[in-house]
1. Once you've got the GNM for the chain with C-alpha springs shorter than 10 Å, pick whichever of A34, A114, A100 has the biggest mean-square fluctuation.
2. Give K101/K168; K20/K101; K31/K104 a once-over and call out the pairs whose C-alpha atoms are over 24 Å from each other.
3. How big is the dipole moment of the chain about its Cα centre under a simple scheme where the beta carbon of each Lys and Arg is +1, that of each Asp and Glu is -1, and everything else is neutral? Debye, nearest 20, please.
4. Segment 1-106: which trypsin sites (Lys or Arg not before Pro) are DSSP loop and have at most 16 other beta-carbon atoms within 10 angstrom?
5. Between K174 and E152, 0.36 nm times their residue separation minus their Cα-Cα distance comes to what?
6. Could you work out the relative contact order of the chain? I mean the mean sequence separation of Cα pairs under 8 Å and 6+ apart, divided by the number of residues, in percent.
7. About the Cα centre of segment 107-178, what is the dipole size in debye to 20, counting +1 per Lys and Arg Cβ and -1 per Asp and Glu Cβ, all else neutral?
8. Report the longest stretch of the chain that contains none of the GluC sites (Glu not before Pro) sitting in a DSSP loop with at most 16 other Cβ atoms within 10 Å.
Amino acid sequence: MANILCIETSGNFCTVALLKNNQTNSLQDEKVFAHAEVLASLIQALMEQTQTAFSELNAIAVSEGPGSYTGLRIGVSTAKGLCVSLNIPLIAISSLLILAKATKSSIDSDFYWAMIDARRMEVYQGLFDKELNLVNDITPMILTEDNFQIKELIQSKNIVLCGDGASKASEILKLKNCSAVIHAKFMTAIAEKKFIENDFVDLASYEPFYLKSANITIAKKKALG
C-alpha cells in the first residue's frame with residue numbers, strides 16, 4: 001500500500017489529501033486564490049493531523065491543469081521540490097479528470113463532461129466515459145449552439161456537465177449540470193492506480209498543462225513631459 005500526498009491548486013481553493021493505509025484524509029483552505037500563502041502550511045497540517053512523516057511518503061500527486069495559471073505553477077513547483085528532496089516519483093493528474101471523478105462519486109452517467117471556466121463563453125473541456133477514460137481531446141471550446149464539435153459530442157449521449165464552466169454550458173446545451181467541485185480528495189484513487197502502473201512524469205522536464213498562455217495585462221506607463 002502506497003502513501004501518496006495529493007496537491008490540488010488548479011481551482012479557486014487550495015486542497016490537499018493523503019492516501020495512507022487505504023484511507024483518505026484531506027484539508028481545504030477557505031481563502032480564494034491564496035495558494036502561495038497557504039499551501040505549505042496546509043500540507044504540514046495534514047501531515048501532523050495524520051501523524052505521517054514526510055519520509056513515509058511513496059509519491060506526490062499534483063493536478064496538472066488546465067486551470068489557474070498561478071495556482072498550477074505553485075502546486076507543481078511545490079510537488080517537484082518535495083519529490084526531489086524525498087527522492088520519490090511525481091504523478092500528474094488532469095484537473096478535468098479530477099472533476100469527472102468527483103461527479104461520478106455522486107451521479108451515475110454514461111459520460112462526464114468536465115468544464116473549467118475560461119471567461120466569456122469559453123471553457124476548457126474534456127469528455128470522459130463511464131470508466132473515466134478520456135474520449136476527446138482536452139481543448140478550449142466556445143459554447144455556441146451551432147458549434148459543430150459540440151453537436152458531434154452530445155448526439156445521442158447521456159451526459160452530465162461538471163465544473164465551474166458547466167452552469168453556463170447547461171443553458172446552451174440543455175444538459176444536466178452537477179455542482180461538484182475540484183478537490184484533492186478525488187485524486188487519491190487515480191493516484192494509486194498510476195502508482196501501481198508506474199505512471200510517473202519526468203521531474204526535470206515536467207511542466208503544468210496550461211492549455212493556453214497566461215492572461216497577463218501590462219500596465220501602461222504614464223507619458224512624461
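Bear in mind these aren't lab numbers, they're just calculated from the coordinates by the rules spelled out. Values in this document were obtained by computation on a predicted structure and should not be read as measured data. A quick note on method: Cβ atoms are made from the backbone with ideal geometry, for glycine too, and the neighbour counts reach across all protein chains shown.
1. Its mean-square fluctuation being the largest, the pick is A34.
2. K31/K104, as the Cα separations exceed 24 Å there.
3. 640 debye
4. Values: sites: K20, K31, R73, K80, K101, K104; in loops: K31.
Filter output for segment 1-106: K31.
5. Length difference between fully extended and current span is 6.5 nm.
6. The normalised contact order for the chain reaches 22 percent.
7. Details: 8 positive and 12 negative charges, 35 e Å.
For segment 107-178, the charge dipole is close to 160 debye.
8. On the way: sites that count: E30, E131, E145, E197.
So the longest stretch without any such site is 31-130.
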